[in-house]
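A short worksheet on the structure shown next.
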């Protein structure tokens with residue numbers, strides 16, 4: 001099996017072409033059968049952003065929630081290569097581990113520990129190994145054609161960074177909604193007993209997971225249900241759980257995507273629209289005709305020259321991936337302000353800054369979200385010119401959400417105020433400007449330029465000449481903007 005081809009599990013594989021109207025993209029960098037995260041070239045230079053995976057587990061340190069219909073499809077598949085995974089599922093059914101008419105969920109204690117320390121556990125801690133993983137020299141999934149939708153939409157690395165991630169998260173949300181609706185339908189049709197429904201569903205009609213509050217009183221931390229509890233949950237199907245699951249699989253197998261959409265309601269139609277839109281962006285290989293610099297943001301982290309001099313590491317939200325680019329090239333990306341065509345900016349930066357920007361690098365920055373397309377008709381902020389800075393001008397930080405401030409001391413013991421906006425850092429160490437720096441951070445959401453003349457200690461004032469010089473420099477650097 002070519003695990004690099006993101007083939008969805010059943011039943012979703014039957015519906016995806018109709019749902020998305022196009023073939024799924026491949027993730028060539030996520031080499032599951034020859035795991036890149038076990039090799040040096042797959043490791044992030046900062047272990048906090050993605051330490052190597054454990055060879056015994058790879059990324060399979062997650063306990064999937066298998067819905068009733070997926071279990072039924074697995075148990076009736078008769079596939080010899082699924083014998084080990086099928087046996088593990090049957091073991092959970094017989095031992096009543098997280099097993100309800102809705103499906104099989106993970107032990108509450110395990111899930112709680114995982115959610116508390118996910119970043120430290122994922123891909124590393126063998127205690128959280130998936131129960132359906134076939135261990136050995138090359139660990140692999142024992143239920144792969146019927147695996148959970150979360151597993152099917154996860155990739156440690158993406159060909160096109162945030163665009164890929166956005167698409168797979170959209171697909172995950174779409175099938176999560178379908179999963180809830182289909183599992184619920186199966187229970188309502190096959191097991192409509194009043195007590196069963198009261199136990200399995202919350203007051204708002206949503207399915208109750210084993211790890212949830214609704215069932216926690218009857219389940220131990222390892223996920224075992226007592227025989228009495230199982231009888232109440234299963235009703236007429238107690239002792240015939242496999243037969244029930246098989247019937248669930250048969251019912252869902254007979255459905256087309258239109259029927260699934262009708263069952264799940266308008267919410268699924270909205271998620272389908274979003275997944276199609278994300279796929280369309282992903283399939284668009286051209287660099288947008290106009291771009292603007294976004295700078296640092298919550299969706300990625302920028303480390304300039306931290307690990308290798310002259311190299312900037314950009315780490316997207318998907319923490320096991322990263323992009324390394326020359327710092328000299330990264331530092332000129334602010335030249336993209338949306339006012340000129342992409343080609344014109346490339347030419348200008350080549351002439352004025354002596355930097356040749358490769359188009360593949362620009363494509364990477366667009367995929368990461370560092371550069372953003374400017375839509376036709378989108379209003380642009382006029383470029384800053386000194387004549388716009390008057391005492392009555394209103395200013396604010398260009399990216400308020402990314403501002404950090406700190407009061408400290410330098411090596412000589414002098415007090416300092418440091419402001420950081422993305423990778424730009426401004427330090428105020430002159431005694432008469434410490435209060436100016438502090439007030440600047442306090443007024444991050446906006447202030448009149450003339451107000452800054454009062455940002456001094458002891459009721460003193462600063463001259464407009466001095467203040468305007470400081471504000472002009474901050475505007476020119478793109479730290480402040482006139483609004």
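Any read-out appearing in this document is the output of simple, stated calculations on the displayed coordinates, not a laboratory observation. From a predicted model like this one, the values you see are computed outputs, not experimental measurements. Because the Cβ atoms are built from the backbone with ideal geometry, glycine has one as well, and the counts that use them run over all protein chains shown.
How high is the FRET efficiency from residue 483 to residue 17, r the C-beta distance, R0 35 Å, rounded to 0.05?
Once the sixth-power term is evaluated, E becomes 0.15.
Would you calculate the separation in nanometres between label points at residue 125 and residue 270, each defined as 7 Å from the Cα along the Cα-to-beta-carbon direction?
About 3.4 nm separates the two model spin labels.
Please state the relative contact order of the chain as a whole percent: Cα pairs under 8 Å, 6+ residues apart?
The value is 14 percent.
Pulled fully out, how much extra length does the chain show between residue 259 and residue 150, if you take 0.36 nm times their separation in residues and subtract their Cα-Cα distance?
The span from residue 259 to residue 150 would gain 37.0 nm if fully extended.
Over segment 386-482, what lengths in whole Å, largest first, do the semi-axes of the equivalent ellipsoid take, defined as the square roots of 5 times the eigenvalues of the alpha-carbon gyration tensor?
The three semi-axes for segment 386-482 are 20, 17, 11 Å.
Mind putting together the pair-distance distribution for the chain? All Cα pairs, 10 Å bins, whole percent per bin, short to long.
4, 16, 22, 21, 16, 13, 7, 2, 0
Per DSSP H run of n ≥ 4, the term is -39500 (n - 2.57); total these for the chain, divide by its residue number, and report the mean residue ellipticity at 222 nm rounded to 500 deg cm²/dmol.
Result for the chain: -11000 deg cm²/dmol, rounded to the nearest 500.
For segment 256-307, max minus min Cα coordinate along each principal axis, in Å, sorted largest first?
54, 26, 18
Using only Cα atoms, tell me the angle between helix 83-94 and the longest principal axis of the chain; keep it within 0 to 90° and round to the nearest 10.
The answer is roughly 80 degrees.
Suppose the chain between residue 430 and residue 352 were pulled fully straight at 0.36 nm per residue; how much longer would it get relative to their current alpha carbon spacing?
Extra length available between residue 430 and residue 352 comes to 24.7 nm.
Could you list 129, 365 in order of exposure, starting from the residue whose Cβ has the fewest other Cβ atoms within 10 Å?
Going from sparsest to densest Cβ surroundings: 129, 365.
Ranked by Cβ crowding within 10 angstrom, fewest neighbours first, how are 321, 343, 159 ordered?
Ranked by crowding around the Cβ, least crowded first: 343, 159, 321.
May I have the convex hull volume per residue, in Å³, for the Cα set of segment 40-116?
Taking only Cα atoms, segment 40-116 has a hull volume of 136 Å³ per residue.
With an 8 Å cut-off on Cα pairs and a minimum separation of 6 or more residues, tell me the relative contact order of segment 10-91 in percent.
It comes to 21 percent, rounded to a whole number.
Calculate the translational D of segment 297-373 in whole µm² s⁻¹ from Stokes-Einstein, where the hydrodynamic radius comes from the Kirkwood formula applied to all Cα pairs, the temperature is 25 °C and the viscosity 0.890 mPa s.
189
Return one number: the angle in degrees, 0 to 90 and rounded to the nearest 10, between the long axis of the Cα atoms of helix 266-282 and the longest principal axis of the Cα atoms of the chain.
60
Could you calculate the contour length gain from residue 228 to residue 387, that is, 0.36 nm times the residue separation minus the distance between their Cα atoms, to one decimal place in nm?
Going from the current span to full extension adds 49.2 nm.
Taking R0 as 56 Å, what FRET efficiency do you get between residue 414 and residue 238 from their Cβ-Cβ distance, rounded to the nearest 0.05?
0.15
Once you keep just the Cα pairs under 8 angstrom separated by 6 or more residues, what percentage relative contact order results for segment 297-373?
20
Take every Cα-Cα distance within segment 12-282, group them into 10 Å bins from 0 onward, and report for each bin the whole-number percent of pairs it holds.
It works out to 6, 27, 35, 25, 7, 0, in whole percents.
Compute the helix-to-body angle for 359-368: its Cα long axis versus the longest principal axis of the chain, expressed 0 to 90° and rounded to tens.
70
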